[in-house]
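Nothing in this text is a laboratory measurement; each read-out follows from the coordinates by a stated rule. Everything numeric here is computed off the predicted structure, so don't read it as measured data. Cβ atoms come from the backbone with ideal geometry, glycine included; neighbour counts cover every protein chain shown.
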Amino acid sequence: MKFSSEFRDPELARGVLTAIARTVAEIGATAERPVRIMEICGGHTHAIFRNGIDRLVPEGLEFIHGPGCPVCVLPMARVDEAVRIARLPGVVFTTFGDAMRVPGTLGSLNQAKAEGADIRMVYSPLDALELARRLPDREIVFFGLGFETTTPSTALTIRQARDEGVTNFTVFCNHIAVTPPLRVLLEDPHMLLDGFIGPGHVSMVIGTRPYAFIANEFGKPIVVAGFEPLDLLQSVLMVLRQIRDGRAEVENQYARVVPEAGNPVALAVCDEVYEPRRSFEWRGLGEIDRSGLRIREAYADFDAERRFEIGYGARSAADPDGCACGEVMTGRLKPFQCPQFGTGCTPRMPLGALMVSSEGACAACYQYGGQRRPEPVG
Amino acid sequence: MRDLIDEIFVTAFEPAEMEDQARLADEAMRAAGARLAFTTDSFVVSPLEFPGGDIGTLAVNGTVNDLAVGGARPLWLSAAFILEEGFEIVRLRRIARSMARAAAAAGVAIVTGDTKVVGRGSADGLFVTTSGIGVIPPGRELGEVHVRPGDVAIVSGVLGDHGAAILVARGDMALSVDLESDCQPLNGLMDAVLAAVPEVRAARDATRGGLAAVLNEVAGAARCGVVIDEAALPLRDEVTGLCEILGLDPLYLANEGTLVLFVPPGRAAAALDAMRATEAGRGAVAVGRAVADHPGMVVMRTALGGERIVDMLVGDQLPRIC
């Protein structure tokens, strides 16, 4: 395995950074009146902090960390349902690793595991299906999580389970779509965003067209970006140039991976297996219309909500007192401006979900240094 | 059954006598000012055997290295085994033999031990505990508290091979990567570097928590800051690639035969030369230095020219969703 060191070339990076600084100056942005760019995807948030990009860009440019960390936007009520399913006798509950620590009102999956629930970390839904074949006497449940990046692999696994006649495999479906919360953010009258960095992996599946409303209806630029440091810097520059030139377009910096039309095969299998829910709750953002997916009637046998009769929204759970994940996710607060940041809420004892996943804005900010060098508030 | 298990260990380790206790003497203990070093560690690993080692080599080298990095010459080990009922005898014999080989390679003797068998489900195959005794020669005083601003941080070779090899060996991911654990004794390397540079301030082996944990501990104990340079970190492409795919950070991956040293600034070149002359230290490089700024904190200059904090890891590294 060799990975793309050319996308990390410090010389090239310096060139792009110089152009970024020049463009920020041309726009007339300052520390007091910064240009605010939201990176939607948690992978981008992580890459920004991990590479120290937040400290390399000029003061007049501010990153707002968006709602694109699937673990972070998972509502407490759904974590509770996951814990309830996992505790049922006979169940083996399978999940991606970073969902293990997300706190619900009943604790996290990690805690449920320590208390004896059979919870296993998998790297792919196919691993869960394999477990179902190996353990025919157990009920294998897969925690279906994530945006359009992971949605197709879950759908394909469900279809494969049906084709093979596997009867002890279900999916607890919490898959969500990336564009509905962006509309919510853009419709917020307090919204302060000037442009967006679009998610690379999600766009590989959905293409770039679904973002057209951001440019056309709301007049904001968006650039779909890759995940290497130079990808990010170049995308920032592209957004800044649109702002400077008064343009609002959907541009694709990540064309080596993202086709304009996305992946039609993946989209077709998703459409076959899932249908949109009327509404789905996002942690910190509340209920958002047609933002979540459920498993279609035709695949009801593989739906954990039906198998365990829990449905959606049977129980609700409020976020813990003092948790400001919503404000941080909408860009109204920076992570370290939350009163709980680093005190009542740390990666060791997370209060809110943004502190849980390494892609969460608060966890990335805490781990890579934001909290120890707080910038002036306000 | 009992006799069979005893026979396996006695055959492999060939203890000098069969009493319940080992009776030990070594010339080095007689030197005025010499001190005994004594350490213990328990080992659990899944899978029990992996490319580059097994739980037995881990248990020997882990304890040998704990002694060596404190400046001690490791001499004797004890080994205690907790076996799950039904554990294959063939496998146990294989692991006992590889422990004997590891002990011989490190120049230590396994002089006493114990075995318990517990019911099925009460243990995960095999747990091993080793304790070790070594002698610290007079005048040798290694410790994290002795690190001073300006001291150079050196690592003895590539980082993260053990952690990455174990991840791949678990077979949970359909990834085939050619990686071996770096599991090896470090006492020879320590002897070589201390002979050339007695001024070494502190030495550690970067096991659980990886290089990040060691540097944070040094920064905390010495009340100084540590700055490392991302571009200087020795990493195999395979490890970097695996970490990229899984969303892990190689700074936190465990090593089982990688030394981290802090040496005074004028002695770094001599230390590197001495290390590179040994097999275990062939890949030694300077990765950073202690600084007076930001006491207790480790900062990395990223390859891109940015900066970030390298914190202690909370819990285990969990692979990301996407």
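At a Förster distance of 30 Å, what's the computed FRET efficiency of B:Ile89 paired with B:Ala25, Cβ-Cβ distance as r, to 0.05?
Working from the Cβ atoms, E equals 0.30.
Relative contact order of chain B: what whole-number percent is it, with Cα pairs under 8 angstrom and at least 6 residues apart?
So the answer I get is 22 percent.
Given the options B:Gln21, B:Leu4, B:Pro74, identify the residue whose Cα lies farthest towards the positive end of the charge dipole of the range B:2-136 (+1 on Cβ of Lys, Arg; -1 on Cβ of Asp, Glu).
The Cα lying farthest towards the positive end belongs to B:Pro74.
In degrees, nearest 10, range 0 to 90: what is the angle between the Cα axis of helix A:264-273 and the longest Cα principal axis of chain A?
Between the helix axis and the principal axis of chain A, the angle is about 40 degrees.
In square nanometres, what is one fourth of the surface area of the convex hull spanned by the alpha carbons of chain B? Before the final figure, lay out each step's value.
Values: hull surface 70.5 nm².
About 17.6 nm², averaged over all directions.
If you take the charge dipole of the range B:144-309 about its Cα centre, with +1 on Lys and Arg Cβ and -1 on Asp and Glu Cβ, which of B:Met190, B:Tyr252, B:Pro264 is farthest toward its positive end?
Going by the charge dipole, the pick is B:Pro264.
Averaged across the residues of B:295-306, what count of C-beta atoms belonging to other chains lies within 10 Å of each residue's C-beta?
Partner Cβ neighbours, averaged per residue: 6.
For peptide A:36-43, how many partner chain Cβ atoms fall within 10 Å of a residue's Cβ, on average?
1
Based on the mean of other beta carbon atoms within 10 Å per residue, what is the order of B:287-294, A:199-206, B:36-43, most packed first?
Ranking the peptides B:287-294, A:199-206, B:36-43 by packing returns A:199-206, B:287-294, B:36-43.
Please list B:135-142, A:313-320 highest first by mean number of surrounding beta-carbon atoms within 10 Å per residue.
Packing order, densest peptide first, comes out as B:135-142, A:313-320.
How big is the range A:57-125 in terms of Cα radius of gyration and Dmax, in angstroms?
Every Cα atom of the range A:57-125 included, Rg and Dmax give 15.7, 56 Å.
Count, for each residue of A:95-102, the Cβ atoms from other chains sitting within 10 Å of its Cβ, then give me the mean as a whole number. Don't jump to the answer; show the numbers that get you there.
On the way: counts 1, 5, 9, 7, 2, 3, 4, 0.
Across A:95-102, the average partner-chain Cβ count within 10 Å equals 4.
Return one number: the angle in degrees, 0 to 90 and rounded to the nearest 10, between the long axis of the Cα atoms of helix A:76-87 and the longest principal axis of the Cα atoms of chain A.
30 degrees
For a paramagnetic label modelled at 7 Å from the Cα of A:Phe213 toward its Cβ, which residues of the range A:175-201 fall within the zone defined by backbone nitrogen distances under 15 Å?
A:177-188
Based on Cβ point charges of +1 for Lys and Arg and -1 for Asp and Glu, what charge dipole magnitude is obtained for the range B:2-136 about its Cα centre, in debye rounded to the nearest 20?
Charge dipole, the range B:2-136, about its Cα centre: 340 debye, nearest 20.
Based only on other Cβ atoms within 10 Å, what is the fewest-to-most ordering of B:Glu238, A:Glu148?
Least to most surrounded, the residues fall as B:Glu238, A:Glu148.
Under 12 Å from the Cβ of B:Phe262, count the other residues' Cβ atoms, weight Lys and Arg +1, Asp and Glu -1, and hand me the total. Don't skip to the answer; put the middle values down first.
Details: positive: B:Arg148, B:Arg201, B:Arg204, B:Arg267, B:Arg289; negative: B:Glu144, B:Asp151, B:Glu199, B:Glu217.
Local charge sum for B:Phe262: +1.
With a 10 Å Cβ neighbour count serving as the proxy for reagent exposure, in which order, fewest first, do B:Lys116, A:Lys220, A:Lys334 appear?
Result, fewest neighbours first: B:Lys116, A:Lys334, A:Lys220.
Counting only C-alpha contacts under 8 Å and six or more residues apart, can you give the relative contact order of the range A:127-260 as a whole percent?
Reported as a whole number, the value is 21 percent.
May I ask you to derive the FRET efficiency for A:Met349 and B:Thr40 from their Cβ-Cβ distance with R0 = 25 Å, giving the value to the nearest 0.05? Please report the intermediate quantities before stating the final value.
Working: r = 30 Å, r/R0 = 1.21.
Once the sixth-power term is evaluated, E becomes 0.25.
Any idea what % of Cα-Cα pairs in chain A are farther than 39 Å?
Pairs farther apart than 39 Å: 16 percent.
Which of these, B:Leu215, B:Leu246, B:Leu233, has the largest mean-square fluctuation under a Gaussian network model of chain B (Cα springs below 10 Å)?
Top of the fluctuation ranking is B:Leu246.
With an 8 Å cut-off on Cα pairs and a minimum separation of 6 or more residues, tell me the relative contact order of the range B:144-309 in percent. Each step should come with its number before you reach the end.
Numbers: 378 pairs, mean separation 71.6, N = 166.
In percent, rounded to a whole number, it is 43.
Which peptide among A:176-182, B:24-30 comes first, and what is the full order, when sorted by highest mean count of other Cβ atoms within 10 Å?
Final packing ranking: A:176-182, B:24-30.
Label the range A:1-90 by shape, choosing from rounded, prolate and oblate, from the square roots a ≥ b ≥ c of the eigenvalues of the Cα gyration tensor; if a/c is under 1.5 it is rounded, and otherwise prolate applies when a/b is larger than b/c, oblate when it is not.
Cα axes put the range A:1-90 in the oblate bin.
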